[in-house]
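Note sheet for the following structure.
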Amino acid sequence: MVATDLFAGRATLSRSLRLLGQFRFEQTDPDRFYGALAADTAALVGDLWTGTTGAAPAGVRVLDVGGGPGYFATAFTDAGMRYIGVEPDPREMHAAVPRTHRLQGSFVRASGMRLPFADGSVDVCLSSNVAEHVPEPWRLGEEMLRVTRPGGLAILSYTVWLGPFGGHEMGLTHYLGGRRAADRYTRRHGHRPKNDYGSSLFAVSAAAGLDWARGTGTLVAAFPRYHPRWAWGLVKLPGLREFAVSNLVLVLRPL
């Protein structure tokens, strides 16, 4: 079985539209938005694990780098996986625990650039939408590979800068340039954006991620996270993929 076979069956147009519709609730109803995203992410990881190993994900130890509050912990625990969340910002860690669930899993305050875990100590290391927020994204990737055991999975998913969501809350103004967009946001709202270009948001391309992943010798799959299966071929088109692949998933299997 190919690693992505199971998830490919789930990657339908209706799923893409459903997730896209949830994005408008990120600020007004975080339980709804993050709950849906967390459930979809747990399904993604479970499918990739089964597609790669042929085994069910029950009992698999998942280290989630930058997992934030407890939405992902709940989704992974409900799916039968053992969850460990890593978050450097205590404000994010306690920002919005789901109101309808008790906090589950384990949490560690630490940086993804220097994970306090032994080599090969987890089955899956996940990073969802973190790489674009650190100045050295591939150092994060190397740390993920280090702590993942041989035969396990490192799954790095990030927002591509030139895609429509690259500017985060700055919207499409990031096409004017990152610093210009951040300054424009500040003038309009009276404060710097949470995802401030050059400090908490960086321009990460699809090409750079693919080059790094291929160089590790462990890449088994790369695909657009939120696109239907018939659009996955966009990853193979240099130039166009920078604009059309809004979020790139790199699946790596340590040797």
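Structural remarks
- Other-chain or far-sequence residues with amide H under 5 Å of A221's (modelled H): V251
- In Hz, Karplus ³J(HN,Hα) per residue of region 32-46 (6.51, -1.76, 1.60; θ = phi - 60°; x = Gly, Pro): 5, 5, 6, x, 5, 5, 5, 4, 5, 5, 4, 5, 4, 5, x
- Taking other residues whose beta carbon is less than 15 angstrom from the beta carbon of G190, and scoring Lys, Arg as +1 and Asp, Glu as -1, yields +2.
- Coupling constants for region 54-64 follow from the phi torsions by the Karplus curve (6.51 cos²θ - 1.76 cosθ + 1.60, θ = phi - 60°), and in residue order they are x, 10, 5, x, 4, x, 5, 8, 10, 9, 9 Hz; glycine and proline get x.
- When shorter helices are ignored and each DSSP H run of at least 4 residues is given -39500 (n - 2.57), the per-residue value for the chain at 222 nm works out to -10500 deg cm²/dmol.
- Solvent exposure of the chain as accessible area per residue, Å², 1.4 Å probe: 46 Å²
- Each of the trypsin sites (Lys or Arg not before Pro) that DSSP puts in a loop and that has at most 16 other Cβ atoms within 10 Å breaks the chain; the longest unbroken stretch is 1-98.
- Taking amide H as placed 1.01 Å from N in the peptide plane, R61 has its amide H under 5 Å from the amide H of R82, D123, V124, each at least 5 places away in sequence or on another chain.
- Relative contact order, percent, region 122-255 [alpha-carbon distance under 8 Å, six or more residues apart]: 32 percent
- Sulfur and carbon atoms: percent of accessible area, region 33-82 [1.4 Å]: 58 percent
The values are calculated or read from the model by the stated rules, or taken from the named source; none is laboratory data. Please read these numbers as outputs of a predicted model, since none were measured by experiment. Reconstructed Cβ throughout: ideal geometry from the backbone, glycine too, with neighbour counts over all protein chains shown. Ligands, DNA and RNA are excluded from the accessible area calculation, which covers all protein heavy atoms including side chains. Shrake-Rupley method; radii C 1.70, N 1.55, O 1.52, S 1.80 Å.
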